[in-house]
Structures are given as C-alpha cells and as structure tokens.
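Reviewing the structure listed below.
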Amino acid sequence: MTPHINAAKGDIAETVLLPGDPLRAKWAAETFLDHPREVNNVRGMLGFTGTWNGNPVTIHGSGMGMPSLSIYANELISTYGAKTLIRIGSCGAMQEDVNIRDVIIAMTATSISTPSRGILREINYAPCANWDLLNNAVKAAGAKATPTHVGGIYSSDVFYDERPDLNEQMIRHGILGVEMEAAELYTVAARHKARALAVLTVSDHLITHEALPPEDRERSFADMVDIALQAAFC
Ligand code: HPA
C-alpha cells in the first residue's frame, strides 16, 4: 500500500492506462476489460484491474495536472512495479489542421516546468514517448477512421491561462495540442526505466474555439482506449 493507493501488491498490472478522470477509468475498465475489479478507491481515485485479450491491464485515474499524475506514476512504478504507462485523455487543439475528435499521439511534451524540475534544475530536459509504444500506437491508429496526428504537445500547468503569448509561441512552433500531464509522465517513466506514451482525443480547439459535444465524448474516447491497448500489446 502507498499513501494514495490501497491495492495489494499483485493487484496492479505491469501495464497501466491513466485517464485523468477516475470515472473514465471505471467506464474504460467496464467497457474494454474482461473481469474488471476495483483495486483502488483512496480519495475517490478509482483504479481497476482486468484483462484485455488475456493480458493483465490496470486502468487508474491520474487526476488533473502534473503534481497529481506524478504521485500516481511514482507509486505505480516504484511500489507496484508498473512498466508501461499510457495516458489516455483529452487535449485542446493548437493547429488549424487538427480537428475536434481527432487523435493526437504525443511524441514529445513541452512544458514551462514539471514537478521533476527540482531534480533537473537548469537542464531543459526533453520528455519524449517510448518509441515502441509510439510506433505501435501509430500503426493501430492507422487502421481506424479517426484522423490521427503525431508530434509534440504542450503540458501546461494551468487550464485558465492568463498568458496568451505562451499559446501563441506553442502554435508558432508546431505544437499540436495542450493538456496538463504528459511531460511529467514521460519524465518519471524515463527516470525509472518504464515505458510511457500519451494518446489524446481533441476535446476543444484553441484557435476555432469549437468544443466536443458531450454526447460525442464517449465514442471519441473509445478509439483512444483501443489505440492505447493495442500499443501496449501488439
Ligand atoms: N488546456 C489545458 N488542458 C486541456 C485543454 C486545454 O485547453 N483541453 C483539454 N485539456
């Protein structure tokens, strides 16, 4: 057990999918896994373990933002032996040719800072995805109708951003979308020799200001979960 996870040691699989929202973890586990069972509920941060095509998988909420994700990623890796961690979540699009419902597979994650900054200090570390997971995810996404983009994303510390110039520079430098967790996930995983990837669905658009209607969210989310599962095991 850890301060934030009350699962027994063997209750967490080596492969963990990390949606931000714990209720999304419940939905994804019930929809995609065989025999899902709840393995964590501390602070309402639900985690479930089951199997996908016979492979053990845990789907566990990460919470919103890098400090929250960092707690779960550290504990899942260090205490429970997680080796493959894939964030599944939403992001805001930052390029004209990226549309609502599209999938973004994050090759790199730029940030102003992450919780790991205290360790890295003056180093501008470049958090990047695990190649095998990235390659598998791109192949899995290629077989789907949903348009997919592969490239850099921006992991922001704030949802309500009062610095429009930051987004302008991200857009100018080709960043595909903004979310709030991947840079720390990639950094923590690298530090502990685990594999990490983020597969994201575009839920809103920073240039056109469109947003995904609530009734479409589930279907768009399903493509992303399937891509993440295939990336882990194919
Ligand atoms: N900003 C930050 N995180 C997000 C956004 C956004 O616009 N959309 C989805 N996650």
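The values are calculated or read from the model by the stated rules, or taken from the named source; none is laboratory data. Model, not experiment: these values are computed from the prediction. Using ideal geometry, Cβ is built from the backbone for each residue, glycine included, and neighbour counts are taken over all protein chains shown. Ligands, DNA and RNA are excluded from the accessible area calculation, which covers all protein heavy atoms including side chains. Shrake-Rupley method; radii C 1.70, N 1.55, O 1.52, S 1.80 Å.
Structural remarks
- Taking every residue in the stretch 214-234 that is aromatic (Phe, Trp, Tyr) and pairing it with any residue that is surrounded by fewer than 24 Cβ atoms within 10 Å (Cβ to Cβ), at least 6 positions away or on another chain, the pairs with Cβ-Cβ distances below 6 Å are Phe233/Asn55.
- Number of residues in the stretch 50-73 that are surrounded by fewer than 24 Cβ atoms within 10 Å (Cβ to Cβ) and over 27 Å from Thr110 (Cβ atoms): the value is 7.
- Set Glu168, Glu179: member being open to solvent by 60 Å² or more (accessible area, probe 1.4 Å), at pLDDT 95 or above, within 16 Å of the ligand (Cβ to nearest atom) and acidic (Asp, Glu): Glu168
- Here Arg195 meets each of (1) at pLDDT below 95; (2) open to solvent by 30 Å² or more (accessible area, probe 1.4 Å) with one exception, condition (1).
- Index of the failed condition, Asn167 passing every other in (1) farther than 12 Å from Ala231 by Cβ; (2) without any contact (Cβ under 8 Å) to a residue 12 or more places away in the chain: (2)
- Residue that is nearest to Ala222 (Cα to Cα), among those in the stretch 31-46 that are touching a Gly at 6+ places or on another chain (Cβ under 9 Å) and open to solvent by 70 Å² or more (accessible area, probe 1.4 Å): Asp34
- Any hit, the stretch 206-215, residues being more than 12 Å from the ligand (Cβ to nearest atom) and open to solvent by less than 10 Å² (accessible area, probe 1.4 Å): no
- In the stretch 129-165, the residues that are small (Gly, Ala, Ser), buried (at least 16 other Cβ atoms within 10 Å of the Cβ) and under 19 Å from Ile207 (Cα atoms): Gly152, Ser155, Ser156
- For the stretch 69-84, the criterion of being in a strand (DSSP E or B) and in contact (Cβ under 8 Å) with a residue 40 or more places away in the chain is met by at least one residue.
- A search for C-beta distances below 8 Å between a residue of the stretch 100-129 that is without any contact (Cβ under 8 Å) to a residue 12 or more places away in the chain and any residue that is among the aromatic types (Phe, Trp, Tyr) and surrounded by fewer than 17 Cβ atoms within 10 Å (Cβ to Cβ), counting only pairs 6+ apart in sequence or on different chains, returns nothing.
- Qualifying helices (runs of 4 or more DSSP H) (wholly inside the stretch 111-216; at least 2 residues being among the hydroxyl-bearing types (Ser, Thr, Tyr)): 182-191
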